[in-house]
Every structure is written in structure tokens, then in C-alpha cells.
Amino acid sequence: MPPRKQTDSSKQSICSSIGALIRSRLRATTCKYVGFFVLLFISSYLYLSPLIITSVPQEPISTDYLNADVSKRDAVRAAFQHAWSSYEQDAMGADEYHPISHRGFNFSGDGGIGYTVVDALDTMLIMGLHDEHARARQWILDKHSFEREGNFNTFETTIRVLGGLLSAYHLAGDTLYLERAVDLADRLLPAFDTPTGLPLPMVNLAKRVGVRDQWSSDQISTAEAATLQLEFKYLAQLTRKNIYWSKVENVMSVIYKSLLPHSLVPIFMSASKGDFTQSDIRLGSRGDSYYEYLIKQYLQTNRTEPIYKKMYADSMKGLHDNLVQKTSRQGLTYIAELIPHRSKDGSVTWDRSAKQDHLVCFLAGSLMLGATTSGAAKHFISIPPRLEELTQEGQRDWQTGVNLLETCMDTHRTSTGLSPEIVMFRANEEKGESERDWFIKNSRKGGPSSYDARYMLRPETVESLFIAWRLTGDLKYRQHAWNIFSAIENHCRLEEGGYATVLDVDTVPVSRDDKQETFFLSETLKYLYMTFSDSSIIPLDKYVFNTEGHPLPIFKPTDTKPAFAL
Ligand code: DMJ
């Protein structure tokens, strides 16, 4: 269509005044629109910019995809190869490895069951170490056996060997691993043959009988009894054999019936009566993974078992009411222990101790994971979570998790950058000569090193850093993880091969103990590797990690029926 010609002057003046009117309207409208869009932008920014409850991370992430840091990831992979290759050369197949003397050690005189090999399988698969994995698989095919006349710890064998086989089966799809897992589980089942069904601490794998504690025949450790469930339940799901499920579910039912009003658990139980015996309450050794498996059992079955949400929520309330403490100077959050005392009239009182095991550092990540799942107020949780996406309990747990992780990092302020096995937090009135709000008991400069001063390649802090990184995308967590990895490289790494325990984290140059724990391969290096990998590697909404760092897939239970419910 040809352009219209404007020939008439009046028309022109009308048009020009209309034009002026339109332009002025347009200016006003433009101003309004600009104002509107500025307001919209600011409010959208405020809405979309996720808030960590008290601290906004330096670089908030608005996507759920986190990129790899390739050079750091590959450095961790190389460390795994350094640890594995010397074990393979010196002690292939042995349960444990002593890297300084270049020897292996088995848990029974009749031979081992490949603790180290099986514990390391899924890390190899995750790291893409195909040659190492092929040789490890060949060893399992040719030399591995559970027909061993010896007593093996029920809990350790379940979390390291059964968990390792199941995870490797899931990742590799190799039925060899599932067959071995079934063989092992069948040999472990007699541990549950007690009047209550609570498992005995040991099993003779060849004889297929449960074995009582040597010193206290009725006593069992609470965390050990309640940290078998993820493994046996996944096996039940795979095999459709309900016995694996019912045995471990019964354990939870017995514990549930014996719970104290605050839902915190003493660390020992009676296998014959099913109640708690007078013993410490703590989130460290013998208590830790009881709480870890409450939230993870809830997640493993795709949140279909509300009993575990309740048990977890009740115990986290008990934790906050009784155990969460802060130091007065630095304001460090720590988890105290309760020590029982029986007075002459028979009543029990509880003393609070300011001791915290390195093991407790698992709880930081566990609380953050729990806050964004069991403590979620909405279906979608941002990375990092926003305040209104969490319930009040979720907000409380998130904050405690974040704070506890800061404390765990503070315990790395040592001469080596490694954290000790156990720390004591200073009471208000105690003045430390150092800058630290905590100290290592029985440790004196120049004196013999105490047990508490060692770092035995444990994973708990890097485990929590991994979860914190995935849930926040805050680069400070990667930086902390890298600092810990660097300290391990500087002080635990043996040039001739392998990594060893450091005896005193505050003494440089270090003295070492001749031991490379199997969890260094299954947990510490795996969590470090995943922290520097992209977040498609073992996503947290598809997997739960067993307490030994073995990822098991989340599933909806099919045939198996929970033994107890709300
Ligand atoms: C691992 O064997 C497991 O994480 C267990 O639950 C306790 N801690 C060690 C590693 O420190």
C-alpha cells in the first residue's frame, strides 16, 4: 500500500498537535512503564534471589546445575589412584592396608573378605577408573569369598561390603555384585536371631551364626543396630525377598518402642530386652548414624514412610533442646554429649560434656539435607533455599547445619590444616592461650601426642561440605574442601605410595600411623571428587548415600510392607 500523502495544512496542524499529544502521552506512559519495570525488576530480583537464612552466599546460584572444577576434580582422582595403586601392589585383596610397612591385614585368620576392594569399587566407577575397576572385579570373580571362619562385625561388614556391592551393582549393572551381596546378606541374617531381633555385633560368616560381645554378652551398640536398614531394604527391593526388609524394619520398631521422651538415644541397648542401657547420649561414635539413617530411610523410599519423618523430627527437636550449644567467645555451634550418673536413690541425672568427635561433623550436612526435604514447606527448593521454602523446623535445622559446618571448619585451624579426632570446647570462664575456642585434651607442646590429636583420613567434614555445596552452590564450600584436600596431600600422602593417619594435627613435620583406612577410598576421596564434579554426578534427589559413602538409588517400595507405621 502506498504511503498516504498529507496535503492539507489544517490536517497537518491537527496532525502535529495530535502528534505532540501522543508524544507527551508516550513520554508519560514511558515514564510509568519504566517505573513499573524498575519496580518489577527489583521485586523479581528480591524474590528470585535466594536467601540463605542469615548469610547470603557470595555467588547465589539460580540454576540447579553446578559446573565441574575440572583441574581440582582431576587432582582428587589422581590422589585416589595414588592410594589405590600402592594397595593393589602391596596388599591386593587384604581387608586393611598398612602403607608404611607395605603390608595388608585380614580380619580373620581364615582370610579376609576384601573390605578395601569392595569399599573402593563404586568410587572407581564414579571416577571413571575403568582399568582399576576391571582388575578389582577380576579379583572378586577369582579370589573373593565369604566362606571365612572368623567373626566379622555386623555393622562394618554391612556398611562397607554389602553397601559397596549394592552400590557397584547399581552403577555397573553387573550381576556378579548382586550375587555376592545376596550371599553376604544371607550369612549376616543369623545376627538377628535374638529374643528381640536386635542384631548381635558379630557374625561368623562361614558358620552363619551371630556372635555376642566378648566383654558384655547382651550389649549392642545403638548406631550399629540402626545402621543396616538402607542396605537390607535396597536388597529386599532388588530381590523381592521380604526377609531382608522385615529383619531391619523390626529393629527400628523395637527402638521406637523404647525411645526416651526427648527421642535422643543412649549408645547401648540390651539385645535380649530391647531397651536402652544406662550409657552416654552423643552424636559421635556409636550414636551418629542412628540419626543419619532416620532421615535417609525417609528419603530412600521416596518419602513414603512418615514414621521416619516423625522419628527424625522428634530427635532433631531433642537435639536442639538438649545438645546444641554455642561457645561464648567465637559463638561456635557444637553438639554436646550427655553423660548419665546414677545417684544413691537410684535416680539418673545427666551431665553435659563439651566434647565433640570429628564424627559429629556428618551432622552438618545431614541437617541441611533434612531441612530441604523433611523440613521443606514447598515442593521446589531453590539453590540455596529461601526462608519461606522451609518450615520453622527446617529453618532451624538449616541454620544449625550451616553453623556446625563453620565449627567443623574452625577445627581445621591447626598447624597442619587437618582436624583432630576429638575436641573439647571451652566453657565461658576458661581462657585459652590460643585463639581457638576449643582444645585437644591431654595435648601439650613437645609432649607425647594424645589419641584425640590424630587425623585418620576421616570423611565427615568433606561429606558435609559436599552436601552444603550441592544445596547452596556457595563457592566457599568448595574452597574449604580444597583446603582440606591440600592439607591431606601435604601431610598424609606418602611419596612411595598411599596415605597414612597423622598422629598429631598440631605438630609439623608430622609423625604418622601405619594405616590407610578403607573409608578414605569409599568416602573421603569420593566426596571430594563429587564436590568438584558437576552436579549431574549422583544427584541428591535420586540417591541416598549409606553411611560409608555408597550411593543407593531412591525407590518406591513395591512388594515389601513396612513392619510398623504411625
Ligand atoms: C565410616 O566407616 C562411616 O562413616 C561410619 O558411619 C562412621 N565413620 C566412619 C568414617 O569416619
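Rule-based calculations on the coordinates, nothing more; no lab input. The structure presented is a predicted model; accordingly, all values stated were derived computationally and were not measured. As a convention, Cβ positions derive from the backbone with ideal geometry for all residues, glycine included, and neighbour counts pool all protein chains shown.
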- Helix axis angle, 70-91 relative to the chain longest principal axis, alpha carbon, degrees: 10
- Query: Reachable lysines from LYS355, Cα under 19 Å, same-chain residues fewer than 8 places away excluded?
  - Reply: LYS326, LYS431, LYS441
- Message: Please compute the volume of the convex hull spanned by the alpha-carbon atoms of the range 232-336 and report it per residue in Å³.
- Response: 120
- Message: Between TYR65 and ASP514, what is 0.36 nm times their sequence separation minus the Cα-Cα distance? Round to one decimal in nm.
- Response: 157.6 nm
- From zero up to wherever the largest Cα-Cα distance of the range 497-566 sits, split into 10 Å bins and tell me the percent of pairs in each. 15, 30, 25, 19, 8, 2
- Item | C-alpha long axis of helix 306-322 to longest principal axis of the chain, angle in ° | 90
- Query: How far is it, in nm, from the label point at ALA377 to the one at TRP215 when both lie 7 Å from their Cα along the line to the Cβ?
  - Reply: 4.9
- Pairs from LYS257/LYS556; LYS207/LYS233; LYS445/LYS476; LYS317/LYS515; LYS273/LYS309; LYS72/LYS233 whose Cα-Cα separation, in the structure shown, is over 29 Å: LYS445/LYS476; LYS317/LYS515; LYS72/LYS233
- Query: Order of 329-340, 135-146 by packing, highest average Cβ count within 10 Å first?
  - Reply: 329-340, 135-146
- Message: Between helix 229-239 and the chain, what is the angle of the helix's C-alpha long axis to the longest principal axis, kept within 0 to 90° and rounded to the nearest 10?
- Response: 80
- Message: Only counting other Cβ atoms within 10 Å, I'd like SER167, SER486, SER419 sorted with the fewest neighbours first.
- Response: SER486, SER419, SER167
- Item | Part-to-part distance (alpha-carbon centres) for the range 229-280 and the range 183-228, which is given in Å | 12
- Message: Can you give me the distance in nm between label points at LYS326 and ILE243, each placed 7 Å from the Cα along the Cα-to-Cβ direction?
- Response: 5.3
- Item | Highest-first arrangement of 275-286, 314-325, where packing means the average Cβ count within 10 Å | 275-286, 314-325
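Counting only helical runs of four or more DSSP H residues, what would the 222 nm mean residue ellipticity of the chain come to if each run contributes -39,500 (n - 2.57) and the total is spread over all its residues?
That comes out to -14000 deg cm²/dmol.
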- Give the dimensionless ratio obtained when the Cα radius of gyration of the chain is divided by 2.2 N^0.38 Å. 1.15
